[in-house]
1. Given the conditions (1) surrounded by 15 or more Cβ atoms within 10 Å (Cβ to Cβ); (2) in contact (Cβ under 8 Å) with a residue 40 or more places away in the chain, which single one is not true for GLU37?
2. Identify the residue in the range 235-256 that is of a type outside the set (Gly, Ala, Ser) and in contact with a Gly (Cβ under 9 Å, 6 or more places away or on another chain) and, among all such residues, is farthest from ALA141 (Cα to Cα).
3. Look at the range 53-96 and say how many of its residues are outside any loop (DSSP other than H, G, I, E, B), at pLDDT 95 or above and within 20 Å of PHE120 (Cβ to Cβ).
4. Pairs please, first residue from the range 106-132 and of a type in the set (Asp, Glu), second anywhere and part of a helix (DSSP H, G or I) and surrounded by 14 or more Cβ atoms within 10 Å (Cβ to Cβ), Cβ atoms under 7 Å, 6+ apart in sequence or on different chains.
5. Give the residues of the range 182-223 that are of a type in the set (Gly, Ala, Ser) and either farther than 18 Å from GLY160 by Cα or outside the structural domain of LEU166 (by TED's automatic domain parsing) (or both), sorted by residue number.
6. So if I check each of THR272, THR268, THR279, which one is within 23 Å of LEU149 (Cα to Cα) and not small (Gly, Ala, Ser)?
7. Residue under question is THR105, and the condition is that it be outside the structural domain of LEU162 (by TED's automatic domain parsing), more than 23 Å from ARG275 (Cβ to Cβ) and β-branched (Val, Ile, Thr); does it hold?
8. Name the residue, out of VAL30, VAL9, VAL101, that is assigned to a loop (DSSP other than H, G, I, E, B) and in contact with a strand residue (DSSP E or B) (Cβ under 7 Å, 6 or more places away or on another chain).
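The values are calculated or read from the model by the stated rules, or taken from the named source; none is laboratory data. Note that the coordinates shown come from a computational prediction; the quantities given were computed from them, not determined experimentally. Don't worry about glycine lacking a Cβ; one is built from the backbone with ideal geometry, like all the others, and counts go over all protein chains shown.
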Amino acid sequence: MRNELNFWVVGGDMRQAKLAELLSADGHTVHTYALEELGPLAGVHAAEDLGEAELADCVVLPLPAAGEGGRLNAPLSGSAHPMEEVLAALRPGQVVCAGRVDPATAALAEGRGLTLHDYFTREELAVANAVPTAEGAIQIAMEELPITLHGARALVIGYGRLGRALAPRLSALGAKVSVAARKYAALAWAESFNWGTERIGQLAGWLCGYDLVVNTVPAPVLGEAELEELKPDCLVIDLASKPGGVDFAAAARLGRKVVWALSLPGKTAPVTAGRAIQTAIYNILSELGG
């Protein structure tokens with residue numbers, strides 16, 4: 001990768017703002033667009049329009065790339081930016097990195113002769129994001145539970161990257177941890193740490209003793225039967241991306257406390273999250289021969 005590149009960071013939240021500053025600190029020329037509500041960023045040029053974005057070596061769209069209604073995900077902008085207009089400002093063949101690209105955005109990009117390199121699919125980013133997500137979940141639990149995590153019975157549903165980051169941290173704080181998983185290998189790993197185990201799909205009948213349940217699985221796992229069994233003061237934290245893994249309507253009917261904690265890295269550790277995106281983008285550029 002060349003020592004100095006021209007980056008445009010377009011839209012997004014604090015993760016993208018910190019990403020822009022990190023890229024600038026590395027000696028790159030960095031422009032931002034649709035982040036104007038933050039004010040000046042260190043070493044970064046704030047653009048009023050996308051007129052020169054086609055000159056960029058790399059354009060970075062946010063995570064997720066699109067918000068509601070086919071617009072750019074730009075919560076730190078005072079204006080709405082249709083994704084079609086954003087992509088129309090770029091040149092065919094330009095390197096564009098984006099996170100969690102939806103089919104509609106991908107189709108728009110293809111129509112413009114653009115390939116969106118989805119950094120959210122990168123394993124190195126997923127692993128790096130697991131740590132601030134786990135820490136953010138623990139912060140929520142400590143704020144919302146009426147008891148300490150020390151001594152609390154905690155169930156982590158799912159033992160993927162996030163479950164593997166969260167379970168040992170809860171255990172280190174003194175929680176009595178159990179892990180629910182589908183794969184026998186994951187259950188064996190949980191048992192190797194002397195944690196309890198449950199089977200996803202067979203949770204009903206085994207949930208009444210937990211003080212904290214944290215779901216990491218982006219599929220329906222906590223329906224009405226499972227939620228009804230929980231203690232009234234049990235806290236449920238859903239870390240799964242949309243549509244989540246909890247029947248939220250049933251939870252409301254039953255009076256269960258559920259916190260759907262999306263995009264925790266950007267909220268709790270934006271510098272760390274921005275650095276993880278930076279690493280993924282550098283790796284993409286390196287693979288492309290940049």
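1. Failing condition for GLU37: (1).
2. Looking only at the range 235-256, we keep the residues that are of a type outside the set (Gly, Ala, Ser), and these are 235-239, 242-243, 246-248, 253-254, 256.
Next cut, in contact with a Gly (Cβ under 9 Å, 6 or more places away or on another chain) only: 238-239, 246-247.
Numbers: ASP238: 11, LEU239: 12, VAL246: 17, ASP247: 20 Å.
The extreme case among them is ASP247.
3. Qualifying residue count, the range 53-96: 11.
4. Matching pairs, first to second residue: GLU124/THR279; GLU124/ALA280; GLU124/ASN283.
5. Initial filter on the range 182-223 (of a type in the set (Gly, Ala, Ser)): 185-186, 188, 190, 192, 196, 201, 204-205, 209, 219, 223.
Across the range 182-223, the qualifying residues are ALA204, GLY205, GLY209, GLY223.
6. Criteria check complete, one pass: THR268.
7. Answer is yes for this residue.
8. VAL101
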